[in-house]
Amino acid sequence: MRYAGFAKDWDYRQIKEWYQKYKKGLEKFGLTELQFIHTLRDGKPIGESRLGRLRSGWSCPNYQAPKNKLVLMSDVKLLKNFWNKGHGTEAMRAIVRFVFTQTKTDLLLVPPHKENLPAIRVYEKAGFKRTRGIGWHYHMIFRMNRKDFIEMEKR
């Protein structure tokens, strides 16, 4: 959680409290999210991702998502012993495929921290393009729209 900006040394109680506040924030705006558990072929869990809907016109410094479009945000977090083995890219590609084949999403965003070079490589290999946006705690904004996905699938 070094790049998340919080939760570095939290115990279970602190994580639970944070998550309850987080869910209330989502509910306040009528938003929901999905959580994916990434596993190896044998079913062993190795990480997780969240997929959440952003409010219409969501913005951060230097970037604004389009208004009146369905925009989702996701990420990939893996246990350390599964880094640098292709699992993150595979997981992100699965999320991209899910988003653009199972939903009517117009735009998918991912927010890697500007210093998290392995995450940036994962998102680029999965087909995301960097924007000029910088979000909270020095997180960058990468994007992929439906047209990008269709073009990528043709290759």
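For segment 88-145, enumerate the residues that are of a type in the set (A, V, I, L, M), in a strand (DSSP E or B) and either within 11 Å of the chain's Cα centre (by Cα) or at pLDDT below 95 (or both). Selection gives L108, L109, V110, I134, M140, I141. Residues in segment 122-144 that are buried (at least 18 other Cβ atoms within 10 Å of the Cβ) and not hydrophobic (A, V, I, L, M, F, W, C) were compared, and the one that is nearest to W83 (Cα to Cα) is Y123. Evaluating G57 against the criteria (1) closer than 23 Å to Y138 by Cβ; (2) free of Cβ contacts under 8 Å to residues at least 40 places away in the same chain; (3) surrounded by 13 or more Cβ atoms within 10 Å (Cβ to Cβ) leaves one unmet condition, (3). Please work out if V71 is under 24 Å from Y19 (Cα atoms), in contact (Cβ under 8 Å) with a residue 24 or more places away in the chain and buried (at least 19 other Cβ atoms within 10 Å of the Cβ). Yes.
Conditions tested, residue by residue: (1) in contact with a Pro (Cβ under 6 Å, 6 or more places away or on another chain); (2) closer than 25 Å to G133 by Cβ; (3) of a type outside the set (G, A, S).
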site: L34; (1), (2), (3): no, yes, yes
site: N62; (1), (2), (3): no, yes, yes
site: S74; (1), (2), (3): no, yes, no
site: K77; (1), (2), (3): no, yes, yes
site: N81; (1), (2), (3): no, no, yes
site: T89; (1), (2), (3): no, yes, yes
site: R93; (1), (2), (3): no, yes, yes
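Can we say L79 is hydrophobic (A, V, I, L, M, F, W, C) and out of contact with any Lys or Arg (no Cβ under 9 Å at 6 or more places or on another chain)? Outline the logic, then answer.
Values: hydrophobic (A, V, I, L, M, F, W, C): yes; out of contact with any Lys or Arg (no Cβ under 9 Å at 6 or more places or on another chain): yes.
Yes; evaluated as a whole, the condition is true for this residue.
The values are calculated or read from the model by the stated rules, or taken from the named source; none is laboratory data. Note that this is a predicted model, so its numbers are computed, not measured. Glycine also receives a Cβ, built like all others from the backbone with ideal geometry; neighbour counts cover every protein chain displayed.
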